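Readers should treat all values here as calculations from the given coordinates under stated rules, not as data from a laboratory. Just so you know, these numbers come straight off a predicted model, no measurement behind them. We place every Cβ from the backbone using ideal geometry, glycine too, and count neighbours over all the protein chains shown.
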Amino acid sequence: MNNYAIQTIDLTKKFDGFTAVNRINFTVKRGEIFGFLGPNGAGKTTTMRMLMGLIAPTSGAATVLGHDVVKETAAIRQRIGYMSQRFSLYNDLTVVENLNFFGGTYGVRNQHLRARKEAILEMAGLNGREKELTKNLSGGWRQRLALGCAILHEPELLFLDEPTAGVDPISRRDFWDLLYVLADQGKTIFVTTHYMDEAEHCHRLSFIQRGRLVAIGSPEEIKREKMRGEVLEVDCSAPDVAMKTLREADLFEEVALYGALIHVVAENVASYKPKIKQLLQAENIQIRSMEKILPSLEDVFIASAREGNGTQKNAEIRGK
């Protein structure tokens with residue numbers, strides 16, 4: 001048995017001449033949390049569907065838990081769990097009825113099912129809510145229940161497709177605490193997310209853009225090796241006007257808005273402070289602070305997305 005839960009070799013998928021996934025190569029180690037990031041339409045879901053054996057690749061190859069994704073799909077499905085952002089729960093069933101239903105679907109029955117339900121209710125903090133209708137649960141509790149249903153049959157590998165979309169920050173944090181517990185138990189987790197704070201907590205991750213991998217590695221490796229330029233964080237009045245002004249100056253690799261703050265990316269970015277001050281003061285914009293900061297994954301992600309769209313003045317990220 002090799003150390004890879006997932007391995008792809010030039011994995012490709014085309015639809016009527018459109019290349020959704022273009023010769024991607026990556027590995028996922030057993031027991032790690034692997035993040036798969038990219039904008040809508042980048043190829044994340046198509047890749048996941050190929051790995052789960054739901055659609056066949058056009059060319060290339062992949063193995064999941066040592067099984068070929070084309071020839072051994074039944075064996076793969078017995079050993080994986082899946083959770084979508086829609087949770088796939090039955091709203092008119094109670095918590096325990098959902099667990100019973102998915103247990104039957106996975107072939108978990110009798111004493112084994114009773115033991116698994118007890119373990120999941122304990123893990124998810126759902127004790128005392130067994131008879132509550134699923135539709136009456138908050139998003140965070142539904143999320144925990146959906147994860148419990150996905151691991152009833154004790155899969156070795158979990159595929160999670162933006163599982164925390166639309167869930168409040170506290171529930172997202174609690175959910176990730178559960179993922180860490182599962183990883184510590186030896187489970188492998190393949191997760192797509194658009195929350196950069198979540199991506200920071202993956203063991204490794206990759207960025208996919210227009211069907212191609214543009215970066216892969218640990219969060220620190222990607223920030224250290226793939227980010228071109230330094231980041232200056234600007235706190236000022238009228239940040240939308242300020243961003244437009246700085247972009248029109250055409251001096252920087254990137255100018256992006258982060259909430260009410262602006263991130264300016266350039267080589268030796270601190271040397272641009274006087275020019276930035278001049279540009280913004282000319283627009284009567286008050287500067288509260290300008291500080292050089294370490295780049296975040298979001299900085300790298302935005303740079304890679306803009307590069308994929310053909311913008312020349314942005315950070316360039318090349319995949320391994």
Most exposed first, judged by fewest Cβ atoms within 10 angstrom, Phe301, Phe175 run Phe175, Phe301
Reachable lysines from Lys277, Cα under 24 Å, same-chain residues fewer than 8 places away excluded?
-> Lys244, Lys292, Lys313
Among Arg210, Arg144, which comes first, second and so on when ranked by fewest other beta-carbon atoms within 10 Å?
-> Arg210, Arg144
When Cys236, Cys202 are ranked with the fewest other C-beta atoms within 10 Å first, the list becomes Cys236, Cys202
Where does the chain land at 222 nm, in deg cm²/dmol rounded to the nearest 500, when only DSSP H runs of n ≥ 4 count, each adding -39500 (n - 2.57), divided by all residues?
-> -10500 deg cm²/dmol
Straight-line reach check, Lys13, cutoff 16 Å on alpha carbons, 8 or more apart in-chain or any other chain, hits among lysines -> Lys44
Please find, in a Gaussian network model of the chain (springs between Cα atoms separated by less than 10 Å), the residue of Gly125, Gly148, Gly81 whose mean-square fluctuation is greatest.
-> Gly125
Taking alpha-carbon centroids only, segment 28-61 lies from segment 226-267 a number of Å equal to 33
Candidate aspartates and glutamates for bridging to Lys117, where Cα separation is under 14 Å - those fewer than 8 sequence places away on the same chain excluded | Glu97, Glu130, Glu154
How many percent of DSSP beta bridges within segment 4-218 run antiparallel, rounded to 5?
-> 55
